[in-house]
Amino acid sequence: MTRGEWRNLGVGLAFISPWIIGFLAFTLYPALASIYYSFCDYDVFSRPVWIGLLNYRDMFTDKVFWKSLYNTMYYAVFSLPLGLVISLLIAVMLNQQIQARPLFRTIYFLPSLVPVVASAMIWLWILNGKYGILNYLLGLVGLQGPDWLADELWTKPSLILMSVWGVGGSMVIYLAALQDVPRELYESALIDGASAWHKFVHVTIPMISPVIYFNLIMGIIGALQVFAQPYIMFGGGGPNRSALFYAVYLYQNAFDYYEMGFASAMAWVLFIIIFFLTWVATRTTRRHIYYAGE
Amino acid sequence: MKERYYGRLVGRVVLYVVLLAGSVVFMLPLAWMISTALKPIEQTMSMPPTWIPHRHFAEIDGRRMPVKKGETFTEPCYVVYDGLLARRFVVPQSQVREGRLIRHNISGETERIPVDILEEIPASVTEPWVRVFPEERVPGPQARDQWWVVPSNRLTAKIAPRWENFVNAIRAMKYFPLYLKNTLILCFLTVVGTVFSSSLAAYGFSRIQWRGRNKVFLVALATMMIPFPVVMVPIYCMFRWLGWIGTLRPLWVGSFFAGAFNVFLLRQFFLTIPKDLSDAARIDGCSELRIYWQIMLPLCRPALMVVALFQFMFTWNDFLGPLIYLTDQKTFTLALGLQFFQSQHGGTEWHYLMAASTLVALPVIVLFFFTQKTFIEGISMTGLKG
């Protein structure tokens, strides 16, 4: 390398040094350490003791672990597609030529801004078994609402409902993408006599496919790690642990039982699950994603 | 042609109806929070629910006074005085005969209790009467006996939000001012830390050509894949080893070391600024640090605003971090403090809980209204560049 190149390397590394330090201290070291801990019995107070695969074996024979995984998957399987479809639907409606678009956009976006602790409180109140407004409204149309928070069948649907309320973020992302779709495409589709549905399927969806993919991946990562809502609303896991989510159980192992080794093992299994699902999502959608300019 | 026009018209009507209905659904939880926050406790638990907080007034002895509503009577009653208990009761006229109250006691025997009839209540299904209590009872031995029965049509309701609920909620949360202070300190430090460290790193990743830059940047991108739980335990142990558990430090120190996501966002923006600009400055003998500080930062204000705003929101809303690291109530943030309050008082004082929730949510919402453009642009940016 020339002197100038050496100089650039030095200056460049100096500029990214905050990131390098952060990477070493908050990503690389912790990641390696947690792999090590996952093979140890470790309670923070004494030194970690190597126990080989015992944590992993315990985990796979732990009924609560499987329950938490099931609950999390149940939540993801419903909240993810629901969120993707509803936010896209709202975005498409807002992308029509309508009056007061900014107002509508704000209305649909606002709930996603509410701090998660506050929204958990609001929903605890709305879903309250005795004075809850939701069951009152269901009663008005002749439906007998369940005891959302105390009935183990309904705790997960409660959380899914909450997640749909907070789709504003992905809705705004869709809306931005929809507004970037060139008008000419629609105009030529119109000349070809395409119906509204055809335009949607053959123009809109392909043009915004990268954003759908982005929302899908973000959704997978977010849904599998959901923590604050179930933790706040159901504490130890709700009726019959029906709302004990993966991240909540992981947290309990780490900070309630001080099973740091077990928690680390759970974290790596979570990583593998997320990685695998992201890979599957990428593999299956890749052919359908259209990147303009490629 | 005409058919087509009607088809479009119907389509538009349907569109607006759906949009409006959706808006109502999306706004209802927030409206319900605010409505509950402004009610007295008995209106939070009324069925059917009270939508608009109000106060009742009744005319008693020719004076209009604020009252609380009690039960409704729909059959003729007497207000009777039981001398033995020294208390007044409202009983159906059918249970009183010849100055005696006839009723069955617990063991099923019929009792005839001598009572004085004080007042006749000609209530009926069409003209119900209501028992009312003074809003503030006068303390003393007679405190339990302060009530009147008035015709329900003489009872007037007036919309009256209880702003004092907010003051009371703050008092009930005990350390609310400290929560707010801690949250603001954290917001300030994390915003400053994030903006400076990520813009520095983004500059290094975009404006200086150095060997291996793209490879290192790929590593940076890859770190975004790692979920927080993977690094959570060792980071906790590290802060524990430093003796920082129970202090605010674990919650802000990390932000001074450039998170990959923000670096990525800013790098994308930095790349759009023409190279000639920095080259010209370099020829003039400007150091890289000066180019960064005096040229890049001012030009990238919109992107920096986005990063600052998102970081502020993240810190304000963060729950897991404070939950892990904070042990003393006095160091709690608002989010953690609200959850703590709920776990202590949950299930009864819904009006205070909703008032407190409003106080936690409102600043974020107000901030959004002032920075709407930055916000929406920022979110769209994260989606489109991703």
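The values are calculated or read from the model by the stated rules, or taken from the named source; none is laboratory data. It should be emphasised that the depicted structure is a prediction, and the values quoted were computed from it without experimental measurement. Note that we place each Cβ from the backbone using ideal geometry, even for glycine, and neighbour counts take in every protein chain shown. Side chains included, ligands, DNA and RNA excluded: accessible areas come from the protein's heavy atoms. Shrake-Rupley method; radii C 1.70, N 1.55, O 1.52, S 1.80 Å.
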Exercise for review: Please indicate, with yes or no, whether at least one residue in the stretch A:213-220 is open to solvent by 40 Å² or more (accessible area, probe 1.4 Å) and either assigned by TED's automatic domain parsing to the domain that holds A:Ser158 or among the acidic types (Asp, Glu) (or both).
Suggested key: yes
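Please verify whether A:Leu127 is under 24 Å from A:Ala76 (Cβ atoms), open to solvent by less than 20 Å² (accessible area, probe 1.4 Å) and either at the interface with another protein chain (Cβ under 8 Å from one of its Cβ atoms) or free of Cβ contacts under 8 Å to residues at least 40 places away in the same chain (or both), treating the condition exactly as stated. Steps first, answer last, please.
Numbers: under 24 Å from A:Ala76 (Cβ atoms): yes; open to solvent by less than 20 Å² (accessible area, probe 1.4 Å): yes; either at the interface with another protein chain (Cβ under 8 Å from one of its Cβ atoms) or free of Cβ contacts under 8 Å to residues at least 40 places away in the same chain (or both): yes.
For A:Leu127, the condition - under 24 Å from A:Ala76 (Cβ atoms), open to solvent by less than 20 Å² (accessible area, probe 1.4 Å) and either at the interface with another protein chain (Cβ under 8 Å from one of its Cβ atoms) or free of Cβ contacts under 8 Å to residues at least 40 places away in the same chain (or both) - is met.
Test of understanding: among A:Ile90, A:Ile86, which residue is part of a helix (DSSP H, G or I), hydrophobic (A, V, I, L, M, F, W, C) and either surrounded by fewer than 22 Cβ atoms within 10 Å (Cβ to Cβ) or not assigned by TED's automatic domain parsing to the domain that holds A:Tyr249 (or both)? I'd like the intermediate steps shown before the answer.
Working: A:Ile90 fails: either surrounded by fewer than 22 Cβ atoms within 10 Å (Cβ to Cβ) or not assigned by TED's automatic domain parsing to the domain that holds A:Tyr249 (or both).
Only one candidate passes the filter, namely A:Ile86.
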Point to revise | Hits in the stretch B:217-251 - residues which are farther than 20 Å from A:Ser38 by Cβ, open to solvent by less than 40 Å² (accessible area, probe 1.4 Å) and either part of a helix (DSSP H, G or I) or outside the structural domain of B:Thr331 (by TED's automatic domain parsing) (or both) | key: B:Phe217, B:Ala220, B:Pro250, B:Leu251
Revision key, fill the gap. For A:Asp151, the lone unmet condition from (1) at pLDDT below 95; (2) touching a helix residue (DSSP H, G or I) at 6+ places or on another chain (Cβ under 8 Å); (3) assigned to a helix (DSSP H, G or I) is (3)
Check your understanding: Which one of these is hydrophobic (A, V, I, L, M, F, W, C), open to solvent by less than 50 Å² (accessible area, probe 1.4 Å) and either in the same structural domain as B:Leu334 (by TED's automatic domain parsing) or at pLDDT 90 or above (or both): B:Ala169, B:Ala123, B:Ala143?
Key -> B:Ala169
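Residues are listed down the side, and each one gets a yes or a no for (1) within 9 Å of another protein chain (Cβ to nearest Cβ); (2) not aliphatic (A, V, I, L, M):
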residue	(1), (2)
A:Lys156	no, yes
A:Gln179	yes, yes
A:Pro182	no, yes
A:Leu190	no, no
A:Lys199	no, yes
A:Pro210	yes, yes
A:Met218	yes, no
A:Ala228	yes, no
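For every residue, the table says whether it meets (1) modelled with pLDDT of 95 or more; (2) buried (at least 16 other Cβ atoms within 10 Å of the Cβ); (3) assigned to a helix (DSSP H, G or I); (4) under 31 Å from the mean Cα position of the chain (by Cα).
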| position | (1), (2), (3), (4) |
| --- | --- |
| B:Pro139 | no, no, no, no |
| B:Asn165 | no, yes, yes, yes |
| B:Ser197 | yes, yes, yes, no |
| B:Gln209 | no, no, no, no |
| B:Asn214 | no, no, yes, no |
Review point. Hey, A:Trp268 hits all of (1) open to solvent by less than 40 Å² (accessible area, probe 1.4 Å); (2) farther than 30 Å from A:Met207 by Cβ; (3) facing chain B (nearest Cβ under 8 Å) but one; which does it fall short on?
Key: (1)
Check your understanding: Quick one: would you say A:Ala263 is in a helix (DSSP H, G or I) and either surrounded by fewer than 15 Cβ atoms within 10 Å (Cβ to Cβ) or under 16 Å from the mean Cα position of the chain (by Cα) (or both)?
Key -> no
Revision key, fill the gap. Here the residues within the stretch A:93-120 that are at negative phi and not in a helix (DSSP H, G or I) are A:Asn95, A:Gln96, A:Gln97, A:Ile98, A:Gln99, A:Val114, A:Pro115
